[in-house]
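K.L.:
Structure below; questions to follow.
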Amino acid sequence: MNIVASGSAAIARAAGRASRAMGRGGGTSVPGVVLLRINPRAVDTIADRLGGGSILVSATNGKTTTTRMLGGALRADGAEVITNAAGANLLSGVAAALVGARPARPDTACGLFECDEAALPAVMARVHPRAIVLMNLFRDQLDRHGELEAIAERWQAMLLAPGALPRLVLAADDPAIAALGDGRECLWFGLDDPAVATGALPHAADSTRCRACGTPLTYDHVWFGHLGDWRCPACGSSRPPLDVAVIDAGLRGATGSDPLIRTPDGEVILHLTVPGLHNVLNAAAALAGALAMGIRADVAAAAISQVPAAFGRAEHLVVDGTDLVLLLAKNPAGANENVRTLLLDPGDHHILVALNDRIADGRDVSWIWDVDWEPLLPRVSSVTVTGERAHDLALRFRYGGLDPDHLHVIPDHRAALASAIAAVPPGGCLEVLPTYTAMHDIRADLVARGAASEFWVEG
């Protein structure tokens, strides 16, 4: 039986079914919008009835993958998990997940919700979570979020608001996130493998000044973006000691990684199918979140290793006999990590880059000039650019030194996908790097081709 047996819940669920029937999407938010209109306190009521409590996950990059991994750990521990698996991460999406759930035992069910950075304070105030995982803050969608300092300030105010404070699981490598834990008991996670450090901060690094005194930070090691083993030479602030530490990233190119992670329960090895250092850090965040919810490290590690890629996040598909991998690239930090991951594999690359400028992407696309495409360009055999701002991408690649004979500008994403696939030789792989709405456009075409399932059916 549903945990809210009410007329308002039934109406909300019917709205979601109608949305899907009308081809207006997956109905992943509509039930929540309707429910909140009918009963504004419904989220509080439903969430409070979850006997296992709830945990929230938020970040600029990686929250969907981390939530998916954490869900695997919770289920392996025997929990019945209510989650917004399709990525509807505003308050309406969380409300929709809650109203759509029918747990067999509400007294032991657990809530797990990915939260948009700007929506997190509102969700936290309504859900009253047992724990919260905060992973990173990067420059993203400036026209909607503002500078990342604005998000950090809102999060700080959220943690100072009256009420019980959840268990904080924080990324020690991010100075802006670490500042949120000052004076609070936290579970800290991060990287501690000098072998994967870069030489210096990238030119587009974001949070590089001390949150306490404003002095430029120094780094013993930089992992990516502004994440690293940081310290302030003026006031002595530094990265907190790690409770959950990746001591060997175990990167193995585009096929995944085998990170060795030290935890309070001892060392564990994960075997990830999603590639890249950023996903190693996502796995560490999920493992730390599982520990905060009382799950043993070995149980969580085994479960996380079994979790496949979320839609569009290192998702592998086969289209007309050609391998294809989707690598969401929506800001400089994420795109740079995708480039770094591709460079781990030898040989030439065939890439399709898709850029839109809708509200969910951010209207300002100047960030593409802060992506370090140049190391990849000498190793590409073909680059197809598409989307509403395809010509902006073409200009960026030409300034980056790409041979014009290797560049194909096709604004229509269906035609671009077909052309890019045709350019891949037998046995090759097409690597697709789309922004958020461009990823949904391309996946819709892949669904129509029978190569992928609708994103809202994945769990």
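K.L.:
So for segment 42-135, what are the equivalent ellipsoid semi-axes in whole Å, largest first, each being the square root of 5 times an eigenvalue of the Cα gyration tensor? It would help to have the intermediate numbers written out before the result.
P.N.:
Numbers: eigenvalues 66, 46, 24 Å².
For segment 42-135, the ellipsoid semi-axes come out as 18, 15, 11 Å.
K.L.:
5 Å is the cut-off here: which amide hydrogens, built 1.01 Å from N in the peptide plane, fall below it relative to L430, excluding neighbours closer than 5 in sequence?
P.N.:
Under 5 Å from the amide H of L430: D323, L324, V325.
K.L.:
With N denoting the number of residues in segment 249-382, provide Rg(C-alpha) divided by 2.2 N^0.38 Å, to two decimal places.
P.N.:
Details: Rg = 16.7 Å, N = 134, 2.2 N^0.38 = 14.1 Å.
With N residues counted in segment 249-382, Rg over 2.2 N^0.38 Å equals 1.18.
K.L.:
So, one more: Semi-axes, largest first, in whole Å: what does sqrt of 5 times each Cα gyration tensor eigenvalue give for the chain? Let's see the in-between values first.
P.N.:
Values: eigenvalues 216, 162, 85 Å².
Over the Cα atoms of the chain, the ellipsoid semi-axes are 33, 28, 21 Å.
K.L.:
Tell me, what ³J(HN,Hα) does each residue in segment 158-163 have, in order and in whole Hz, if you take phi through Karplus 6.51 cos²θ - 1.76 cosθ + 1.60 with θ = phi - 60° and put x for Gly and Pro?
P.N.:
4, 6, 8, 5, x, x
K.L.:
Also, quick follow-up: In debye, nearest 20, what is the charge dipole magnitude of the chain about its Cα centre with +1 on Lys and Arg Cβ and -1 on Asp and Glu Cβ, if you could check?
P.N.:
Details: 38 positive and 50 negative charges, 334 e Å.
Approximately 1600 debye in magnitude.
K.L.:
Rank-order 61-69, 307-315, 158-166 by packing density, defined as the average count of other C-beta atoms within 10 Å over each peptide's residues, highest first. Let's see the in-between values first.
P.N.:
Values: 61-69: 26.9, 307-315: 21.2, 158-166: 11.1.
Those peptides, ordered most packed to least, come out 61-69, 307-315, 158-166.
K.L.:
Related question: What whole-number volume per residue, in cubic angstrom, does the convex hull of the C-alpha atoms of segment 227-321 give?
P.N.:
Numbers: hull volume 12.0 nm³, N = 95.
Expressed per residue, the convex hull around the Cα atoms of segment 227-321 is 126 Å³.
K.L.:
Continuing with this model, one more query. Expressed as a whole number of Å, what is the distance separating the alpha-carbon centroids of segment 94-162 and segment 254-321?
P.N.:
22 Å
K.L.:
Another question, then. Can you give the calculated 222 nm mean residue ellipticity of the chain, where each DSSP H run of n ≥ 4 adds -39,500 (n - 2.57) and the sum is split over every residue, rounded to the nearest 500 deg cm²/dmol?
P.N.:
Numbers: 15 runs with 153 residues, N = 459.
The helix-only estimate for the chain comes to -10000 deg cm²/dmol at 222 nm.
K.L.:
Now for a separate question. Tell me, what ³J(HN,Hα) does each residue in segment 391-408 have, in order and in whole Hz, if you take phi through Karplus 6.51 cos²θ - 1.76 cosθ + 1.60 with θ = phi - 60° and put x for Gly and Pro?
P.N.:
Those phi angles translate into 5, 5, 5, 4, 4, 4, 5, 5, 5, x, x, 5, 4, x, 5, 9, 9, 10 Hz.
K.L.:
Classify segment 41-304 as rounded, prolate or oblate from the Cα gyration tensor: take a ≥ b ≥ c as the square roots of its eigenvalues, call it rounded if a/c is under 1.5, otherwise prolate when a/b beats b/c and oblate if not.
P.N.:
Working: a/c = 1.80, a/b = 1.28, b/c = 1.41.
Note, shape of segment 41-304 comes out oblate.
K.L.:
Residue farthest toward the positive end of the dipole of the chain, with Cβ of Lys/Arg at +1 and Asp/Glu at -1: which of T67, V246, W367?
P.N.:
Farthest towards the positive end: T67.
K.L.:
If you take the Cα Rg of segment 392-439 and divide it by 2.2 N^0.38 Å, with N the number of residues, what do you get? Working shown, then result.
P.N.:
Numbers: Rg = 11.7 Å, N = 48, 2.2 N^0.38 = 9.6 Å.
Output field value: 1.23.
K.L.:
Hey, could you get me the Stokes-Einstein D for segment 85-199, Kirkwood radius over alpha-carbon pairs, 20 °C and 1.002 mPa s, rounded to whole µm² s⁻¹? Kindly include the intermediate steps, with their values, before the conclusion.
P.N.:
Values: Rh = 15.8 Å.
Using the Kirkwood radius from Cα pairs, D works out to 135 µm²/s.
K.L.:
Just the Cα atoms of segment 313-457, one point each, no solvent: what log10 I(q)/I(0) does Debye give at q = 0.10 Å⁻¹?
P.N.:
Listed by q, the Debye log ratios stand at -0.29.
K.L.:
So how compact is segment 340-408: Cα radius of gyration and Dmax in angstrom?
P.N.:
12.2, 37
Bear in mind that the values in this text are calculations on the coordinates, not laboratory data. Note that the structure is a prediction, hence the values are computed from the model and not measured. No Cβ is skipped: glycine too gets one built from the backbone with ideal geometry, and neighbour counts run over all protein chains shown.
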